[in-house]
Amino acid sequence: MCQRLGLTSLSYLWERNRVRLLADLVDRGVHAVLVKVAGMGLLPHQHLGKSLAQLSYALHRYHDKYGLDVCGEGGEFETFVLDCPLFPRWRLVLDDTELILDPEDDSIGSLSLLRCHLE
């Protein structure tokens, strides 16, 4: 798409070692929670709404066991950033969420963010 628009795509994170990238995100204070899971080992009821920091050990375990990308780049999971150093004044707080399971596969699910606020 960038080429079609005459733009240059800069994808620095794609060049990084995935295991090191996850550690750097957690170490630098990026607070992101899983809002969709669709990968081996990840379970909607168990993992949705948990942070990357909380799930780091499990993500590494599933990487070793199933080949899961610890940063979710294979579509295994999606995240939503609630707080990070780039946003020093405010953070998002989730007030109300809803778990939505895929009707055909209950190992695939998403977390619908119904209400949140800034602190």
Practice task
Quickly run through the range 42-56 and pick out the residues that are within 10 Å of the chain's Cα centre (by Cα), in a loop (DSSP other than H, G, I, E, B) and of a type in the set (A, V, I, L, M, F, W, C).
Solution key: LEU48
Exercise for the section: Quick one: which residue in LEU13, LEU25, LEU59, LEU21 is at pLDDT below 95, open to solvent by less than 40 Å² (accessible area, probe 1.4 Å) and in a helix (DSSP H, G or I)? Expected result: LEU21
Fill in the blank from the handout: If we ask which residues in the range 33-47 are open to solvent by 40 Å² or more (accessible area, probe 1.4 Å) and in contact with a Lys or Arg (Cβ under 8 Å, 6 or more places away or on another chain), their number turns out to be 1
Exercise for the section: Among residues belonging to the range 83-95 that are in contact (Cβ under 8 Å) with a residue 40 or more places away in the chain and in a loop (DSSP other than H, G, I, E, B), point out the one that is surrounded by the fewest Cβ atoms within 10 Å (Cβ to Cβ). Expected result: PRO85
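Sort out which residues of the range 1-27 are among the aliphatic types (A, V, I, L, M) and in contact with a helix residue (DSSP H, G or I) (Cβ under 8 Å, 6 or more places away or on another chain), and write them in order of number.
LEU13, VAL19, LEU21, LEU22, ALA23, LEU25, VAL26, listed by residue number.
Quick check, is VAL30 in contact with a helix residue (DSSP H, G or I) (Cβ under 6 Å, 6 or more places away or on another chain) and either loosely packed, with under 13 Cβ neighbours inside 10 Å or within 29 Å of LEU101 (Cα to Cα) (or both)? Full working, then the answer.
On the way: in contact with a helix residue (DSSP H, G or I) (Cβ under 6 Å, 6 or more places away or on another chain): no; either loosely packed, with under 13 Cβ neighbours inside 10 Å or within 29 Å of LEU101 (Cα to Cα) (or both): yes.
When the stated conditions are applied, VAL30 does not pass them.
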Problem - Only listed residue being closer than 25 Å to TRP14 by Cβ, at pLDDT 95 or above and aliphatic (A, V, I, L, M), chosen from VAL81, VAL93 - result: VAL81
Practice task
Answer yes or no as to whether GLU98 is under 25 Å from GLU15 (Cβ atoms), open to solvent by 40 Å² or more (accessible area, probe 1.4 Å) and either part of a strand (DSSP E or B) or in contact with a Ser or Thr (Cβ under 6 Å, 6 or more places away or on another chain) (or both).
Solution key: no
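Taking the condition open to solvent by 60 Å² or more (accessible area, probe 1.4 Å) and free of Cβ contacts under 8 Å to residues at least 12 places away in the same chain, does PHE80 pass? Break it down into steps so the answer makes sense when it comes.
Values: open to solvent by 60 Å² or more (accessible area, probe 1.4 Å): yes; free of Cβ contacts under 8 Å to residues at least 12 places away in the same chain: no.
When the stated conditions are applied, PHE80 does not pass them.
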Practice task
Examine the range 48-55 for a residue that is open to solvent by 10 Å² or more (accessible area, probe 1.4 Å), under 25 Å from ASP96 (Cβ atoms) and in contact with a Lys or Arg (Cβ under 9 Å, 6 or more places away or on another chain), and state whether such a residue exists.
Solution key: yes
Problem - Of the criteria (1) buried (at least 16 other Cβ atoms within 10 Å of the Cβ); (2) in contact with a helix residue (DSSP H, G or I) (Cβ under 7 Å, 6 or more places away or on another chain); (3) in a strand (DSSP E or B), which one CYS71 fails - result: (3)
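The values are calculated or read from the model by the stated rules, or taken from the named source; none is laboratory data. On a predicted model such as this, the values are computed, not experimentally measured, just so you know. So basically every Cβ, Gly included, is an ideal-geometry build from the backbone, and we count neighbours across all protein chains shown. Side chains are part of the model used for accessible areas, which takes the heavy atoms of the whole protein and leaves out ligands, DNA and RNA. Shrake-Rupley method; radii C 1.70, N 1.55, O 1.52, S 1.80 Å.
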